[in-house]
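Participant: Below is a structure I'd like to ask you about.
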Amino acid sequence: MLNIRGLAASIDDKPILKGIDLIVPPGEVHAVMGPNGAGKSTLGYVLAGREDYVVTAGSAVFNGTELLGMDPEARAAAGVFLAFQAPIELPGVNNANFLRTALNAIRRSRGEGELDAVQFLKLARAETKRLAMPDDMLKRNVNVGFSGGEKKRNEVLQMALLRPKLAILDETDSGLDIDALKIVADGVNALRGPDFSALVITHHQRLLDHLVPNRVHVLSAGRIVRSGGPELARELEKSGYAGIVAEAA
Amino acid sequence: MNAVSPPPRPGAAGFLARYESLIGALPGDSALRAAAAAAFRAAGLPGGGPGRRIEAWKYTALRPLADMLFAPAQAPDIAEPPTLAGAAAKVVFVNGAYRAAMSAPPAFFARFADRPDFGTLSWPDREPMTALNTMLAADGMTLDIPANTDGGTVHLASIGVGPTAFHPRHLVRLAPGASLTLLETANGTGPYLHNPVTEIHVGAGARLIHVRLQNEDIAAFGLSTLYADIAEHGTYDSFSLNLGGRIARAEIRATLSGPHATAHLNAAQLLTGTQHSDFTTVVRHAEPHGASRQTVKNVLAGQSRGVFQGRIEVARDAQKTDGYQMNQALLLSPDAEMDCKPELEIFADDVKCSHGATIGALDADQIFYLRSRGVPAAEARAILVRAFLTEAIDAVADDAIRALLEAGIAGWWDNQAA
Amino acid sequence: MSVAAETLDAVQSVTESGYKWGFETNIEMDLAPKGLNEDIIRLISERKEEPSWMLDWRLKAYAAWLKMEEPEWARVDHPPIDYQDLHYYAAPKKKNGPKSLDEVDPELLKMYEKLGIPLKERAILAGVDPDEVEERQIAVDAVFDSVSVATTFQETLKKSGVIFCPISEAVRNHPDLVKQYIGSVVPIGDNYFAALNSAVFTDGSFVYIPKGVRCPMELSTYFRINARNTGQFERTLIIAEAGAHVSYLEGCTAPQRDENQLHAAVVELVAMDDASIKYSTVQNWYPGDADGKGGIYNFVTKRGACRGARSKISWTQVETGSAITWKYPSCVLLGEDSVGEFYSVAVTTNHQQADTGTKMIHIGKGSRSTVVSKGISAGRSNNTYRGLVRMAKTADNARNFTQCDSLLIGAACGAHTVPYIESRNPTAKVEHEATTSKIAEDQLFYCRQRGLSEEDAVNLIVNGFCKDVLKELPMEFAVEAQKLLAVSLEGSVG
């Protein structure tokens, strides 16, 4: 599914990622953990194609296609979805309209027919209900005036509608209470299957209790310093990153 | 030659006649003066007579000035202005002429009369009052702060004794890395015209704090024009408190000519009676990453008229400019008037520029709240006006200077109450 | 199919880049000789079969115009206009007056089709009994070059007492009303272009809503300049008597031509006690080509007088066309508690120049005004908001709120804001805010991450930016306006 080799990236000439090797096989969920400033969010942005990050080395092959160098919308069409750590506000842009435009853009690229307003609303209402989101979430402007939790749930709603092949969740769990956390985990679990992989960037073990990863990777100073099974996350929760980071240095 | 001098004439004609009579006697570049005289002859005093109004003077007409008869400046006996706490250096001008006996000039001071320098930034061809100054300037202050030197605090004091007109020419240059605090005060008695042109160069990484307290006589005309050029990483931080004058105008044209330059052009105007005071600024962002900030507060009582015109210009190359401007006015009387023209002229796309303007009265609910707590109405108003001014005044960091400004405001308020 | 859907389809059918309304219609024209003098004005008045007072009024305006100078204060730049090199009268040759559709040139009907005038109206133009038409109705007056060629629904409107007809007809049939109100809001000597219009206006719409009547349908005018070297000088006058309400829509197009064409219209609105007038414009005159060649010079004076207590005048405009736009739809708020509104979206691309805004003159006690202006500059264009808010001494407790936002797309354009704010009443409150920015990179990235192309993302964000204005438009126009924004900005991104 996703094969990252020697990935290095910098912003404003400052190197952030210094050679990442990571393979996420189809159907697997991998967690990326690590201290602040390790480059976790950068990894998500680089995979999604944010333009202010400059890739200086390496490759990221997704289902046989090199992602790096593709436009962000082309990556989205290929099935890459990034749930933003801080979802962006779009004043004056209606959430439903935004979601339908995005969904239809992706459906077009998959050769599927576009949904009209009625079909879309039916689908969107079902998903909002499943995610226990208030109905008016669709009517409001994208993320404008949303609480932190609402923004995160809006990301999960988008993911549910767009049905990506690779979901990158950038600290989607931060700032969520336990119920919301479960909703996020359920949202991802619902998509799990042989054609779906996820990269879950998180600080905490909490989310991983509900969203059990196949592998856990520890990122520090732009490199993966350790990988292991789900038990690694529990170990980190207990003993912190200091030991592992020091050991790797 | 002077035996049959013609009777004095008012207005522009009077100034031109004065220039004619002084040709050859004034210091410095006579060709420049002649060109300025030609420009002034063509333009006249803005709004001084019939003819097309200049947009830059839309809200201020110098008609009353055009009727004034001025005598050549004398050197009257006056009391020495008080010395500012913490300011070792003081430079005093009386009716535009340097008064050595009252001054304690810093080492980097020179007189315009001794070493005339018209600078490079001013626009006599476009600005009538600058043309008038260029034509007749006789004296002024030149400060040259050497590189990486702290010039401390310098107090520039102007005292006018009417009826006369004077046109001082000041030049302040901060070499790279230099710093200076400049306090400028303007006072006087009687009808006079104080028409200074000031040119300021803030070198790379240099920092000038410029506080101006304009408290001209209520019969006087205080019309100042200031040109500032701020180089890379330089800061020009100015605050103008306009209290005096029959007709006053402070015009500042600041150009951020190097990347990462900063300009603060804050001001407060407190007016009463039939005073007219105009604060006009043009901030030109010529290079990227510049920042400009302006907070302008107006408190208008009696039949006074406040004017604020502020333009932010962003040139094509000045990407990442951050420009902000806020003008607020309180009308304390049914006969006061505020005219405001904030303006944005933007040619670069990656910028953040905004301006805001509000005009209104004191908040009736707030007054009521204070009164319900036992504060008398007049005091309640004073408290709220002071609170309104705080945002602008607080930008002045120097305690002694801020105390001076606060004393000026308190004096204005006492006059109101009386 | 609903009218809105028809309009949408008409606009959607247009897919390729460039100006979509640039067709020319071959219709036999009746042209006055080029040039402007008293004889031409007499000729216009004669063709219109005007009473002598109207001719005298025109001649007075002409005399005033001769003494005036073209204004120079706006941020627009153009070569001098040769006022003697224009035809001041151009009309499709009539066979016998266009009252019945059979007499309307089929070419003209085809033009309406191309213009995207909703099928419903075309059907009505084609002779369907208006009473047979259900759903929402819009009465249309179509002004082709200088003359009004067809007004629909006149009979239906007549039943409610509403007069909606070409102004030339009103001059003949309702002379007292015209005489009373024409020039009462925009006097003949108001400004250079208004004086010119007053001298040579050839047609436009006249609307009169009697006391207490809510106009039963939206009224709409489509303006089109077709003939070469003509100026279009239409004049619109809308009067809402006490308690009357009307919503009026105006759409404009012109063919694609290399030379510049002059359009100098005057619109006067009068609202009495408790009356309201909503005036919406989608202006899409030909803007010139990518190099700035050709396009309409649009010098327009629009002003409304809120004469009555609690009267309300609301201007909404979406300006995407014209090489030069010079217009300031204004409100004179005389009535106590009267309300003025101005909602504007102005888009400029290529070499377009727009200098537009409003004046809100508060005279009445308790008068209120709202100004929302959204300027979008792209290409090498310049887009200026120019506005005046004046609180007169009498305007106790008056309120104004102004929000001006500018968006820049690309590094070669300019966005300018020039508000004048004057207050002479301490109980009046004025608030003004203006911002200038570009579309944030993180907003674009967010949309693209969700699969939107950069162009779609820009359109979405621009539409969001304009939402506060677009929501003020009647539905039919809102849809059209959104599509127009997208078409106007095509190719400006990246």
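The values are calculated or read from the model by the stated rules, or taken from the named source; none is laboratory data. Keep in mind the model is a prediction, meaning the values are calculated, not measured. No Cβ is skipped: glycine too gets one built from the backbone with ideal geometry, and neighbour counts run over all protein chains shown. The protein model used for the area step is the full one, side chains on, heavy atoms only, and it has no ligands, DNA or RNA in it. Shrake-Rupley method; radii C 1.70, N 1.55, O 1.52, S 1.80 Å.
Participant: With (1) open to solvent by 70 Å² or more (accessible area, probe 1.4 Å); (2) modelled with pLDDT of 70 or more as the list, and C:Glu135 as the residue in question, which single condition is left unmet?
Facilitator: (2)
Participant: I'm trying to understand the selection: among the residues of the stretch A:44-93, which are crowded, with 22+ Cβ neighbours inside 10 Å, aromatic (Phe, Trp, Tyr) and more than 8 Å from chain C (Cβ to nearest Cβ)?
Facilitator: Once the filter is applied, which keeps residues that are crowded, with 22+ Cβ neighbours inside 10 Å, aromatic (Phe, Trp, Tyr) and more than 8 Å from chain C (Cβ to nearest Cβ), the stretch A:44-93 yields A:Tyr45, A:Phe62.
Participant: List pairs: first in the stretch C:372-397 and closer than 27 Å to C:Lys471 by Cα, second open to solvent by less than 30 Å² (accessible area, probe 1.4 Å) and of a type in the set (D, E, K, R), Cβ under 6 Å, 6+ apart or cross-chain?
Facilitator: Hits for this filter: C:Lys374/C:Asp405; C:Thr384/C:Asp355; C:Arg386/C:Asp355; C:Arg390/C:Glu422.
Participant: Kindly provide the set of residues from the stretch C:180-219 that are over 25 Å from C:Gly243 (Cβ atoms), of a type in the set (Phe, Trp, Tyr) and not in a loop (DSSP other than H, G, I, E, B), ordered by number.
Facilitator: C:Tyr192, C:Phe193
Participant: Give the stretch C:298-322 a look and list any residue that's open to solvent by 10 Å² or more (accessible area, probe 1.4 Å), touching a residue at least 60 places away in the same chain (Cβ under 8 Å) and part of a loop (DSSP other than H, G, I, E, B), or say none.
Facilitator: The answer is none; no residue qualifies.
Participant: Checking B:Lys341 against (1) in contact with a Pro (Cβ under 8 Å, 6 or more places away or on another chain); (2) closer than 20 Å to B:Leu226 by Cα; (3) more than 14 Å from chain C (Cβ to nearest Cβ): exactly one of these is not met. Which one?
Facilitator: B:Lys341 satisfies all of (1) in contact with a Pro (Cβ under 8 Å, 6 or more places away or on another chain); (2) closer than 20 Å to B:Leu226 by Cα; (3) more than 14 Å from chain C (Cβ to nearest Cβ) except (3).
Participant: Here's a follow-up. Among the residues of the stretch B:324-375, write down those that are modelled with pLDDT of 90 or more, of a type in the set (Gly, Ala, Ser) and surrounded by fewer than 23 Cβ atoms within 10 Å (Cβ to Cβ).
Facilitator: Within the stretch B:324-375, B:Ser333, B:Ser354, B:Gly356, B:Gly360, B:Ala361 meet the criteria.
Participant: One residue is enough: does the stretch A:16-25 have a residue meeting the conditions part of a loop (DSSP other than H, G, I, E, B), touching a Lys or Arg at 6+ places or on another chain (Cβ under 9 Å), of a type outside the set (Phe, Trp, Tyr) and surrounded by 17 or more Cβ atoms within 10 Å (Cβ to Cβ)?
Facilitator: no
Participant: Tell me which residues, restricted to the stretch C:455-494, are open to solvent by 60 Å² or more (accessible area, probe 1.4 Å) and within 12 Å of another protein chain (Cβ to nearest Cβ).
Facilitator: The answer is C:Glu455, C:Lys467, C:Asp468, C:Lys471, C:Gln482, C:Gly494.
Participant: OK, next. Can you tell me which residue within the stretch C:387-396, out of those that are at the interface with chain B (Cβ under 10 Å from one of its Cβ atoms) and in a loop (DSSP other than H, G, I, E, B), is farthest from C:Asp337 (Cα to Cα)? Step through it out loud before you land on a result.
Facilitator: Step one: list which residues in the stretch C:387-396 are at the interface with chain B (Cβ under 10 Å from one of its Cβ atoms), which gives C:388-391, C:393, C:396.
If we keep only those that are in a loop (DSSP other than H, G, I, E, B) as well, we get C:393, C:396.
Values: C:Lys393: 15, C:Asp396: 10 Å.
So the residue we want is C:Lys393.
Participant: Something else now. Can we say C:Gly364 is away from chain B (no Cβ under 13 Å), surrounded by 24 or more Cβ atoms within 10 Å (Cβ to Cβ) and not in a strand (DSSP E or B)? Break it down into steps so the answer makes sense when it comes.
Facilitator: On the way: away from chain B (no Cβ under 13 Å): yes; surrounded by 24 or more Cβ atoms within 10 Å (Cβ to Cβ): yes; not in a strand (DSSP E or B): yes.
The answer is yes for C:Gly364.
Participant: Which of the helices (runs of 4 or more DSSP H) found entirely inside the stretch A:98-204 contain at least 2 residues meeting this: in contact (Cβ under 8 Å) with a residue 40 or more places away in the chain?
Facilitator: Working: elements: A:117-130, A:148-162, A:178-191.
Those helices (runs of 4 or more DSSP H) span A:148-162, A:178-191.
Participant: Among (1) more than 10 Å from chain B (Cβ to nearest Cβ); (2) in a loop (DSSP other than H, G, I, E, B); (3) open to solvent by less than 30 Å² (accessible area, probe 1.4 Å), which single condition is C:Phe445 missing?
Facilitator: (2)
Participant: Oh, and also: Taking into account only those residues within the stretch C:269-291 that are at pLDDT below 90 and not in a strand (DSSP E or B), which is nearest to C:Leu484 (Cα to Cα)?
Facilitator: C:Asn284
Participant: Are any residues in the stretch B:357-387 within 14 Å of chain C (Cβ to nearest Cβ) and within 31 Å of the chain's Cα centre (by Cα), and if so, which ones?
Facilitator: Selection gives B:Ala357, B:Thr358, B:Ile359, B:Gly360, B:Ala361, B:Leu362, B:Asp363, B:Arg381, B:Leu384, B:Val385.
Participant: Within the stretch A:113-131, does at least one residue satisfy the condition of being of a type in the set (S, T, N, Q), open to solvent by 60 Å² or more (accessible area, probe 1.4 Å) and over 18 Å from C:Leu452 (Cβ atoms)?
Facilitator: Here is the first cut: in the stretch A:113-131, the ones of a type in the set (S, T, N, Q) are A:119, A:128.
Then keep just the ones that are open to solvent by 60 Å² or more (accessible area, probe 1.4 Å); that gives A:119.
Now narrow it down to the ones that are over 18 Å from C:Leu452 (Cβ atoms): A:119.
Yes - at least one qualifying residue is present in the stretch A:113-131.
Participant: Those residues that are closer than 23 Å to A:Pro25 by Cβ and buried (at least 21 other Cβ atoms within 10 Å of the Cβ), I need them from the stretch A:201-223; list them, please.
Facilitator: A:Ile201, A:Thr202, A:Leu207, A:Leu208, A:Leu211, A:Pro213, A:Val216, A:His217, A:Val218, A:Leu219
Participant: Now a separate question. Can A:Asp135 be described as within 30 Å of C:Glu472 (Cβ to Cβ), among the charged types (D, E, K, R), more than 14 Å from every other protein chain (Cβ to nearest Cβ) and open to solvent by 10 Å² or more (accessible area, probe 1.4 Å)? Can you show your working first?
Facilitator: On the way: within 30 Å of C:Glu472 (Cβ to Cβ): yes; among the charged types (D, E, K, R): yes; more than 14 Å from every other protein chain (Cβ to nearest Cβ): yes; open to solvent by 10 Å² or more (accessible area, probe 1.4 Å): yes.
Against the criterion (within 30 Å of C:Glu472 (Cβ to Cβ), among the charged types (D, E, K, R), more than 14 Å from every other protein chain (Cβ to nearest Cβ) and open to solvent by 10 Å² or more (accessible area, probe 1.4 Å)), A:Asp135 qualifies.
Participant: I've got another one for you. Which number in (1) open to solvent by less than 20 Å² (accessible area, probe 1.4 Å); (2) of a type in the set (Ser, Thr, Tyr); (3) not in a strand (DSSP E or B) marks the one condition that B:Thr274 misses?
Facilitator: Answer for B:Thr274: the failing condition is (1).
Participant: Please go through the stretch C:408-442 and give me each residue that is facing chain A (nearest Cβ under 10 Å) and either in contact with an Asp or Glu (Cβ under 8 Å, 6 or more places away or on another chain) or open to solvent by less than 10 Å² (accessible area, probe 1.4 Å) (or both), ordered by number.
Facilitator: Once the filter is applied, which keeps residues that are facing chain A (nearest Cβ under 10 Å) and either in contact with an Asp or Glu (Cβ under 8 Å, 6 or more places away or on another chain) or open to solvent by less than 10 Å² (accessible area, probe 1.4 Å) (or both), the stretch C:408-442 yields only C:Glu441.
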